[in-house]
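Shown next, in structure tokens, is the structure this report addresses.
The values are calculated or read from the model by the stated rules, or taken from the named source; none is laboratory data. None of the values given here were measured: they were computed from a predicted structure. All Cβ positions, glycine included, derive from the backbone under ideal geometry; neighbour counts span all protein chains shown. Please note that ligands, DNA and RNA were not included when accessible areas were found on the heavy atoms of the full protein model with its side chains. Shrake-Rupley method; radii C 1.70, N 1.55, O 1.52, S 1.80 Å.
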Protein chains: 4
Amino acid sequence: MIFASDNWAGAHPKISEALGRAAGGFAPAYGNSPLDRRVEERFSEIFERDVAVFFVATGTAANALALTAVNLPGGVAFAQAEAHLVEDECGAPEYYTGGARVHRVPGRDGRLDPDELRRALEKYPDGSVHTGQPMAVSITQATEVGTVYAIEAIGEVASIAGPRGLPLHMDGARFANALVSLGAKPAEMSWKAGVDILSFGGTKNGCWCAEALVFFDPDRAKAMPYLRKRAAQLFSKSRFVAAQFEAYLADGLWLELAEHANEMANALADILSSAPGMRLAWRPEANEVFAVMPRAAVDRLQGAGARFYEWPWSEARRDEAEPDRVLCRFVTSFATTRQDLDEFARLAGA
Amino acid sequence: MIFASDNWAGAHPKISEALGRAAGGFAPAYGNSPLDRRVEERFSEIFERDVAVFFVATGTAANALALTAVNLPGGVAFAQAEAHLVEDECGAPEYYTGGARVHRVPGRDGRLDPDELRRALEKYPDGSVHTGQPMAVSITQATEVGTVYAIEAIGEVASIAGPRGLPLHMDGARFANALVSLGAKPAEMSWKAGVDILSFGGTKNGCWCAEALVFFDPDRAKAMPYLRKRAAQLFSKSRFVAAQFEAYLADGLWLELAEHANEMANALADILSSAPGMRLAWRPEANEVFAVMPRAAVDRLQGAGARFYEWPWSEARRDEAEPDRVLCRFVTSFATTRQDLDEFARLAGA
Amino acid sequence: MIFASDNWAGAHPKISEALGRAAGGFAPAYGNSPLDRRVEERFSEIFERDVAVFFVATGTAANALALTAVNLPGGVAFAQAEAHLVEDECGAPEYYTGGARVHRVPGRDGRLDPDELRRALEKYPDGSVHTGQPMAVSITQATEVGTVYAIEAIGEVASIAGPRGLPLHMDGARFANALVSLGAKPAEMSWKAGVDILSFGGTKNGCWCAEALVFFDPDRAKAMPYLRKRAAQLFSKSRFVAAQFEAYLADGLWLELAEHANEMANALADILSSAPGMRLAWRPEANEVFAVMPRAAVDRLQGAGARFYEWPWSEARRDEAEPDRVLCRFVTSFATTRQDLDEFARLAGA
Amino acid sequence: MIFASDNWAGAHPKISEALGRAAGGFAPAYGNSPLDRRVEERFSEIFERDVAVFFVATGTAANALALTAVNLPGGVAFAQAEAHLVEDECGAPEYYTGGARVHRVPGRDGRLDPDELRRALEKYPDGSVHTGQPMAVSITQATEVGTVYAIEAIGEVASIAGPRGLPLHMDGARFANALVSLGAKPAEMSWKAGVDILSFGGTKNGCWCAEALVFFDPDRAKAMPYLRKRAAQLFSKSRFVAAQFEAYLADGLWLELAEHANEMANALADILSSAPGMRLAWRPEANEVFAVMPRAAVDRLQGAGARFYEWPWSEARRDEAEPDRVLCRFVTSFATTRQDLDEFARLAGA
């Protein structure tokens, strides 16, 4: 009953086997092996256009380098107030960029509110040396609170960013979960909707360490080899990341694993919404479930071995908080099992 | 006949198996698993004192974070002119520190020359706001040119750094190779000789990705958890690094693999020194061999499939260069075989 | 009728004369002249304790260096959402610190709201490597919107910052204006109320270029000489700044000039509140007046040569905006004259 | 007898008067006054082409921003080993650029040696992600040791930088002294010789604070307004810098002052070369004189009130050092008088 985070899971057997196969023999280092090349091409296939792909060590690195690649002096990126790169990266985006700002844009349900984005951008008129320069908009798909942007919603954000000349970055640490949730194709949910740069995560969905930064316009990525190396993010034995991605993207494994995680989240949502005294905080659309629960139930479930985190109410929802109730986050993954859910349901009295 | 670099090798089967074992089940993320803890304790055992250990993605990250952890405003680190962190890290130390300088100190054979270090330090008198502040000395063990500092030589460097209040960092990307070369214990070749911070590398010696930053005085590492996370170097599934180190450090595997690599280097040195027209540039002490070779021989060997790099003559040795000869670097590893050497010997005419 | 900004004024004659006197002869450079020393001592007198003083080129530099001096890895400073260092410094604080974040805390009237500060701090629990580390709280006195913190209000902010170990910085670009507004002593409005570091501005109040960073605990300033030089903020002919401060602080000139500017602001507020169709947005407490005015009146006044800026409604007051009215800012200074006000009153029909 | 540095002098009376004149009235802040515009145009006249000009607070700021404006990820600038930006700026270039490296290129007499520059550049092959990217070459005119590059020598450096696509920066803290030494026109000694960016200093030559960064290709300066503001180098009352430059550049004042300083240096060189036991270390070409002197003479002269600094022998000249002699630096300026020299000559026994 581990619902603490999808990164508490290990690696899927097929990923593990791929790592084993990659272990033998010799190969050029620093991303120059034939396997690296092959996987880069695979990304182009999957996204239906030539893309530039850069493997990095962590999702935080992907996000931080994405902003670094497009930063300007006095640069300001715009992201929803609870985005991972705002709240959970210890200032890595600010540090990697040498001091860019991430402007927190309000928005309910983890999504950036388009009107608030317009309003935030007005604070930074073109040519104002005092306020600084907008340089990117970043959205998270699936969001940090388990919701998903509809394709049209991505397009709307892009339609605000575009006229200001701002590239649109997508933090896709849970890209696959959002993709299967929408039933969309990778191209539709990314560049066709206006996304310019994508942090493509495999780690939370069954790899042990497989994160890639994808540029849909390779020209924009010219400085990336230097940016990545300078940031100490270029693996010498890069082929091991490539091997994970090769297995991940083969035969739809990545979609299958995300599908499973999402299904588990849905089933868990059903349990939580029918358990006595509990309610869903909002409807899950990917692999995270947020529930409002009595303190006593939280204690009882955790005491029985269930692992999940209490969560702060966001600014936007603070008024919904109930004094004697606790907001809790549950995350499912490829490794979540029906048995886990059944046991949890039993304990929860659902 | 791959002698291009030790990072062209894959992973040793025992490392690979350890990765496989780590793949199952759930574990706390971000370095908080029991396995992470256990391996941290193992480091303390191996070094015979309580140490603080931080896993990172690359050796470059370890070096850059080591300097960041001890940096001062206007900070200057001192390293031998051909050190990896000077020549091969795309400015990562300067970038991570936000602009520290690495002062290139001359020295033959890849070792920092103590007198030159003293002279370099004189350029930075205490309290001079104009010159900046010395903040660390860094040495590489084994060096970039396959030589090794004797224990006493490390102590001599430490005896220069100490009175100026400078921590001594050791880039140990090939720590194991140096250790078996000297027949020394880890503690003797590190903190007992005056080393304060160690970049401990496993990747070049049979892991796929296992690098650790070791602080011999844990108090000095208080900011490290933030520095590492901010640098996007904190793995979520950190236990996979821990698993590699556990296997690496078990039953002396790490020493065994380094021993093998060094033996292969010695055997290769014998071949190169007896082949017609070739000579050793200097005597190898770890797993790298440098030879002076006729251009025709280089072409013939590479044409036959041998992989090795031509190398520039360092400043210090520039006058030894022979106009019609080429300096070449050969690196051996755990994966180098006798058969490879035999075939190479045959081709070289040795 | 120049009410555009207090930095549109030139230098007061006494400052100008002091600059002239300083021009002759020779003096040690880089802040080491007897005059520099004397003025540093004068600061200690004025603040009734030993302080460490550092002259810098701009108020932005003072603010940015204050945060740099106390920054931590993943550091977060807290400031009111419209503070100068948030809105008007092109990201200098983020840049100088190498990527610290300035967290915008809501608050009406330009003042940081204590409850909102408490709530903002809760988002950064101690020891969380993901969220980063709080490292300072910054307030502006007088604020950007012409209001002033009462001594007790400063103390309340300090009482929140203190238990979290956060130094309290005061941006005193208009320190003198606040001081005379409160009728307080410098010590009362700074360290006695809990302020640790002060950006002490003279430029807006009659100097041409005189900004100082004051540390009330000199031990905290040990790195400052290096931080200032590294930031290219150490004047070689520093004595010219010292000369300005000497004249500024002699015989109460600084208070006299601020008194005048505040009086002019009060008189201007009377005019604006009695002119047809206009109202004060809020009561001025220093040398800035904000008025809500009909567009036609704005056009007419500016057409007649009055200089003042339209101003955006802050987030906190957005709902007070009137669709057909404009918010305007008027700033007075030592150089504002009664004649200017009389002419403006006539034009405004007050 | 103050020969400690040209920045120990104050301001020339004409500069002082200009500051006084600028003190009255109101003017747009942040570089937008008519006077600022006028002086910018004056720079274009003097350099015989449209240039982009940016006033900053210090020469260090000018140098550091010049490199920042052209920096690349993993960027490396090349400068003579004793250049001011290498030895005397507390790492400001590295800090402002967020971690660029300044590669010390050997060279006698303060000048960058062209062959050594070629050799240094070879260490950074195009496209090598490991070594980093060359991004600029910087020369100092006049040099730190009182010598001057001939026009052809500047051209030779430019001819090496150009084919690698590297902009050529000139640190012209003593531009005027070099100009009158060569009898050249500003255009000849800058862009016509291949210089792309110039730090144009007025402070050492009679201003109190007047430094400008000049871009000969204004297109290259597009980001400069943001870079300057972000670096806290944009004066609010910028017109006071403009006023100094206006007077400085009017009626050849700047050349007259430099001419005087150079003459004084020449006369001082005559004294030092004829005094018993002393010799010139090398022939001065601008306003700095270096002499080799007996320790006793140094003590006697300083005891009698002469101010000058002992100087370290550079690496390049270390073998010329005489054990019982001291290398000393003497700097003259607009404020040096014949009487000073006569008295010094008398004391020196020349």
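Below, the figures for the structure above:
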item	result
Buried solvent-accessible surface, both chains (D, C), 1.4 Å probe, Å² to nearest 100	4200 Å²
Mean separation of Cα contacts under 8 Å (6+ apart) over length of chain A, as relative contact order %	24 percent
For D:1-7, mean number of other protein chain Cβ atoms within 10 Å	4
Rounded percent of accessible protein surface that carbon and sulfur make up, the protein assembly as shown, 1.4 Å probe	49 percent
Helix-derived mean residue ellipticity, 222 nm - over chain A, DSSP H n ≥ 4, -39500 (n - 2.57), to 500	-11000 deg cm²/dmol
Fraction of beta bridges assigned by DSSP in the protein assembly as shown that are antiparallel (%, nearest 5)	55 percent
Residue with peak Gaussian network fluctuation, chain C [Cα springs, cutoff 10 Å], from C:Ala242, C:Ala297, C:Ala265	C:Ala297
Flagged links, alpha-carbon separation over 29 Å, of C:Lys14/C:Lys237; A:Lys222/C:Lys229; B:Lys14/B:Lys185; B:Lys123/D:Lys229; A:Lys185/D:Lys222; C:Lys229/D:Lys192	A:Lys222/C:Lys229; B:Lys123/D:Lys229; A:Lys185/D:Lys222; C:Lys229/D:Lys192
Shielding by partners - mean other protein chain Cβ count within 10 Å, residues of C:132-141	2
Residue of A:His169, A:His130, A:His103 that the Gaussian network model of chain A assigns the largest fluctuation, springs spanning Cα pairs under 10 Å	A:His130
In Å², nearest 10: area of C:Glu116 left accessible to a 1.4 Å probe	50 Å²
Antiparallel %, DSSP beta bridges [both residues in chain A], to 5	50 percent
Cα shape, the protein assembly as shown, gyration tensor, a/c 1.5 rule	oblate
At 7 Å out from Cα toward Cβ: C:Pro125 inter-copy label distances (nm, ascending)	4.4, 5.2, 5.2
Region B:104-165-region A:244-308 distance, computed between alpha-carbon centres (Å)	55 Å
Within region C:1-93, chymotrypsin sites (Phe, Trp or Tyr not before Pro) in DSSP loop having at most 10 other beta-carbon neighbours inside 10 Å	none
Area of D:Arg295 that stays accessible when all protein chains are in place (1.4 Å probe, Å², to 10)	100 Å²
Residue and distance (whole Å) for the chain D Cβ nearest the axis that superposes D on A	D:Gly98, 2
C:Glu343 - accessible surface, heavy atoms, 1.4 Å probe, Å² rounded to 10	80 Å²
Accessible solvent surface per residue of the protein assembly as shown, calculated while the other protein chains remain in place, 1.4 angstrom probe, Å²	32 Å²
Heavy-atom accessible area order for C:Asp319, C:Asp113, largest first, 1.4 Å probe	C:Asp319, C:Asp113
Inter-copy separations for D:Ala296, label at 7 Å along Cα-Cβ, nm, ascending	6.9, 9.4, 10.0
Most mobile of B:Gly132, B:Gly146, B:Gly75 in a GNM of chain B (Cα contacts under 10 Å)	B:Gly132
Inter-centroid distance (Cα atoms) of region B:5-21 relative to region C:18-75, Å	58 Å
Nm distances between copies for C:Arg49, ranked from closest, using label points 7 Å along Cα→Cβ	3.9, 5.7, 6.1
